Amino acid sequence: MLKTYPDYAIVNFDKLTYAGNVNNLADVANNPKYTFVQGDIIDLDALTKTIHEHGITHVINFAAETHVDRSIHGGAKEFVLTNTLGVQMVLDAVRLNKIEKFVNVSTDEVYGSLGLDEQRLFTESTPINPNMPYAAAKAGGDLMCNAYFVTHKVPVIVTHCSNNYGPYQFPEKVIPFFVFKLLKGEKVPVYGDGLNIRDWIHVTDHAKALDLLLHKGIAGEIYNIGSDNERSNLEITKMILSIMKKGDDMIEYVTDRPGHDRRYAIDATKITQLGWKPDYPREKFEHGLAETIAWYKENTAWVEQLWQKKHDQMNTFQKDLKRSNDKMQSAT
């Protein structure tokens, strides 16, 4: 946004959880058009103060707890707080402060699962039917957006995007996670039979879609964002192995995770009619994947710093969760 719109002032409001990293934006930290504010989106007073101090007119909400496995095995409380209550707080801030446009970034996972042999794709009219705590919490935020548009006429747009890949992605996500496992000489875990399918989109294509919707999207509408690039988990794994010159013997099949949706597939016709198209369509996916892997290999120190930060914060999280569980057991 800073490159495309040099006259825009950008305020980055971020809680800096274990997945947040100010070093990701070190190259723009001294740009006079960029400001960082540390805060939590469930804090309406902090949101309002930031809006007033910086004269904010437009909002895009990227904030979310997104690690599906952690929502299953680590407890869903933080997911509900950020992905549902947090969205409601941003909606209140938008409503009370007369923001001109609000784009809420959601996920295709709210739609639930498609069958492997189905011809059907997710459209904007597909009913919400989440199967996992993460997706349910995101769906809660989506429903709040619809309610605030209908009830309060809040100028909100909701986006449902497919799986992102690219540089700077936190290394708990599958592509960087696999890359760093392989760099250490470790096998990569594949859930179940590996045939679960996802649609993959490069992060810069997603960013360009959000830019377009911020300027030309219609309030009250939902837009699906995908690049018609369905790949099975096993196919992605084998592509990574090939690029890194490793054999299939580095695959370790593990027990499937609970509630593992079989297939996501996006129909992005609606946003393409606004003039958007991906720079990394299906035929360029392997090229984009190779670029992404090369970036991670060149930035191993960045990843090691993040792993240490996550380790420290997750220890704190687990202690807090245990204390909370102990209190609940004492109460009952």
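Only one residue in THR35, THR50, THR4 is over 25 Å from GLU172 (Cβ atoms), polar (S, T, N, Q), outside any helix (DSSP H, G or I) and in contact with a strand residue (DSSP E or B) (Cβ under 9 Å, 6 or more places away or on another chain), so which one is that?
THR35
Could you please tell me which pairs satisfy a Cβ distance under 7 Å, a separation of 6+ or placement on different chains, a first residue in region 236-260 that is exposed (fewer than 12 other Cβ atoms within 10 Å of the Cβ), and a second residue that is in a helix (DSSP H, G or I) and of a type in the set (A, V, I, L, M, F, W, C)?
GLY247/LEU241; ASP248/LEU241; PRO258/ILE72
Test LEU91 against the stated conditions and say whether it is out of contact with any Pro (no Cβ under 6 Å at 6 or more places or on another chain), surrounded by fewer than 20 Cβ atoms within 10 Å (Cβ to Cβ), hydrophobic (A, V, I, L, M, F, W, C) and at pLDDT 95 or above.
For LEU91, the condition - out of contact with any Pro (no Cβ under 6 Å at 6 or more places or on another chain), surrounded by fewer than 20 Cβ atoms within 10 Å (Cβ to Cβ), hydrophobic (A, V, I, L, M, F, W, C) and at pLDDT 95 or above - is not met.
May I ask you to list the residues in region 129-154 that are touching a Phe, Trp or Tyr at 6+ places or on another chain (Cβ under 7 Å) and among the small types (Gly, Ala, Ser)? Explain how you work it out, then say what you get.
Going residue by residue through region 129-154, those that are touching a Phe, Trp or Tyr at 6+ places or on another chain (Cβ under 7 Å) are 129, 133-134, 137, 154.
The answer is ALA137, and nothing else.
Let's see how each residue does on (1) more than 26 Å from ILE251 (Cα to Cα); (2) out of contact with any Ser or Thr (no Cβ under 9 Å at 6 or more places or on another chain); (3) surrounded by 21 or more Cβ atoms within 10 Å (Cβ to Cβ):
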{"residue": "GLU186", "(1), (2), (3)": "no, yes, no"}
{"residue": "LEU195", "(1), (2), (3)": "no, no, no"}
{"residue": "ASP205", "(1), (2), (3)": "yes, no, yes"}
{"residue": "LEU210", "(1), (2), (3)": "yes, no, yes"}
{"residue": "GLY217", "(1), (2), (3)": "yes, no, yes"}
{"residue": "GLY220", "(1), (2), (3)": "yes, yes, no"}
{"residue": "ASN229", "(1), (2), (3)": "no, no, yes"}
{"residue": "ASN233", "(1), (2), (3)": "no, yes, no"}
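Would you please name the residue that is nearest to GLU78 (Cα to Cα), looking only at residues in region 11-23 that are surrounded by 15 or more Cβ atoms within 10 Å (Cβ to Cβ) and out of contact with any strand residue (DSSP E or B) (no Cβ under 9 Å at 6 or more places or on another chain)?
THR17
The values are calculated or read from the model by the stated rules, or taken from the named source; none is laboratory data. Since the model is a prediction, treat every value here as computed from it, not as a measurement. No Cβ is skipped: glycine too gets one built from the backbone with ideal geometry, and neighbour counts run over all protein chains shown.
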